[in-house]
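Here's the structure we're looking at; comments come further down.
The values are calculated or read from the model by the stated rules, or taken from the named source; none is laboratory data. Predicted, not measured: the structure shown is a model, and the values here were computed from it. Every residue, glycine as well, gets a Cβ built from its backbone with ideal geometry; the counts of neighbours run over all protein chains shown.
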Amino acid sequence: MKAAQIKKYKKDISLDIVSVDKPVINDNQVLVKTLTAGVNPVDNMIIRGEVKLVVPYKMPLTLGNELVGEIVELGSNVKNFNIGDRIFSRLPLNSIGAFAEYVAIDVDAIAKVPEYLSDEEAAGVPLTALTAMQAFELLNVKEGKTIFISGGSGSFGAMAIPLAKSLGLKVITSGSGANKERVLLLGADKYIDYKKENYLDIVSDVDYVIDTLGGKSLEDQFSILKKGGSLVSLKGLPNKDFAKRNNMSFFKRLLFGFAGRKYDKIASRNNQKYYFIFVHSDGKQLDEVASIFNEKHIKPSIDEVFSFEDINKALNKVDNGSSKGKTIIKF
């Protein structure tokens, strides 16, 4: 079968399409024929070696973190799924590989796709939806509270905003004016055009923040958070809390404790909480997402669909950061 791989970490965003053996499943896995796969910034981060301290991958490595596929083989312990089922998955961190024609997946990492979603639409769901749901969990969100999502016009916001609304949250977000109407249609209560207004002058005392930008913007966002509020960052630095939550070694707890200390200190000034998130697989939670989708009929925003042969074009498009929704690979 064909798979898109790297042989070593590198700055150049490119994968080699190679021929590899079809995977053999264990008793607790399913073999899936890949139909579509989502392309995400984390794929490029992995290529560059930016997450090797979090997940030390062995080479050669087949890339790809989320997919939609058809089950073609069942492990002997697999229940509640059948051959022919259409499933989607955020693959387990230690066994990614969605950019391949066939993938062996742990059964506890999959869920059935809502029937109304196309293969392309469904491929844009697992990673971003689980990121949002796991961020909401860390924040311990409550109905009626207010959340600010920075850079909400991108693929994460397109998923997080309707999910946040389904949980009864008031949503404030920011982005370029060109995307305002589209994002308001997703359910955002307030949209701030960063070219015309500075959200720091408008927004204050929000209960929760999800940071998608990192850097100086991450530091700034603590100032709009109320005392005792909580912030989750997708682009900041891991801290000691992150290492403890993920049962990492004593060395990594020290290392990440040092790395994220600046943000922990900023948060502590106003009794705030800082969390870093690296989304993990969770079939049960993905099934909850599917239920919300079926109830609310949420439609993922898809920017562009590429063929598997054009995977490097897709990766570079995502790396340029100009997407208005998810970038998808079709097999």
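The conditions of being aliphatic (A, V, I, L, M), in the same structural domain as residue 79 (by TED's automatic domain parsing) and more than 15 Å from the chain's Cα centre (by Cα) are met by residue 311. Please list, ordered by first then second residue, the pairs with beta carbon atoms under 7 Å, 6 or more apart or interchain, first in the stretch 28-43 and closer than 17 Å to residue 124 by Cα and free of Cβ contacts under 8 Å to residues at least 60 places away in the same chain, second surrounded by fewer than 24 Cβ atoms within 10 Å (Cβ to Cβ) and among the aliphatic types (A, V, I, L, M). So the pair list comes out empty. Restricting attention to the stretch 115-147, the residues being under 19 Å from the mean Cα position of the chain (by Cα) and under 26 Å from residue 63 (Cβ atoms) number 18. Looking for something aliphatic (A, V, I, L, M), touching a residue at least 60 places away in the same chain (Cβ under 8 Å) and touching a strand residue (DSSP E or B) at 6+ places or on another chain (Cβ under 7 Å) - is there at least one such residue anywhere in the stretch 47-59? Yes.
Restricting the stretch 151-180 to residues that are charged (D, E, K, R) and in a helix (DSSP H, G or I), the residue that is farthest from the chain's Cα centre (by Cα) is 180. Just one of (1) under 11 Å from residue 289 (Cβ atoms); (2) surrounded by fewer than 24 Cβ atoms within 10 Å (Cβ to Cβ); (3) of a type in the set (S, T, N, Q) trips up residue 128, so point out which. So residue 128 meets the others, but not (2).
Can you name the residue in the stretch 220-257 that is under 16 Å from residue 271 (Cα atoms) and part of a strand (DSSP E or B) and is also farthest from the chain's Cα centre (by Cα) among such residues? For the stretch 220-257, the residue satisfying everything is 227. For the stretch 276-292, the set of residues classified as modelled with pLDDT of 95 or more and over 15 Å from the mean Cα position of the chain (by Cα) consists of 284, 287, 288, 290, 291, listed by residue number. Remark: pairs (first residue in the stretch 270-291, over 21 Å from residue 246 (Cβ atoms); second residue surrounded by 15 or more Cβ atoms within 10 Å (Cβ to Cβ) and of a type in the set (A, V, I, L, M); Cβ separation under 6 Å; 6+ apart in sequence or on different chains) = 272/225; 287/111; 289/129; 290/111.
When the residues of the stretch 94-111 are filtered to those that are touching a residue at least 12 places away in the same chain (Cβ under 8 Å) and surrounded by fewer than 18 Cβ atoms within 10 Å (Cβ to Cβ), the one that is farthest from residue 54 (Cα to Cα) is 101.
Taking the stretch 293-309 as the range and being loosely packed, with under 15 Cβ neighbours inside 10 Å and part of a helix (DSSP H, G or I) as the test, the residues that pass are 294, 295, 296, 309. In the set (1) surrounded by 22 or more Cβ atoms within 10 Å (Cβ to Cβ); (2) farther than 18 Å from residue 32 by Cα; (3) not hydroxyl-bearing (Ser, Thr, Tyr), residue 136 fails one condition alone, (1).
Just wondering, is there one or more residues in the stretch 223-246 that are outside the structural domain of residue 107 (by TED's automatic domain parsing), more than 30 Å from residue 94 (Cα to Cα) and β-branched (Val, Ile, Thr)? Even if it seems obvious, please write down each step before you answer.
Of the stretch 223-246, the ones outside the structural domain of residue 107 (by TED's automatic domain parsing) are 223-246.
Next, from what is left, pick out any that are more than 30 Å from residue 94 (Cα to Cα): 223-229.
Next, only the ones that are β-branched (Val, Ile, Thr) stay: 224.
Yes, the stretch 223-246 contains a residue that is outside the structural domain of residue 107 (by TED's automatic domain parsing), more than 30 Å from residue 94 (Cα to Cα) and β-branched (Val, Ile, Thr).
Taking the conditions (1) closer than 20 Å to residue 69 by Cβ; (2) touching a helix residue (DSSP H, G or I) at 6+ places or on another chain (Cβ under 9 Å) in turn, residue 12 satisfies each one other than (1). For residue 290, the criteria (1) hydrophobic (A, V, I, L, M, F, W, C); (2) outside any helix (DSSP H, G or I); (3) within 17 Å of residue 66 (Cα to Cα) hold in every case but one, which is (2).
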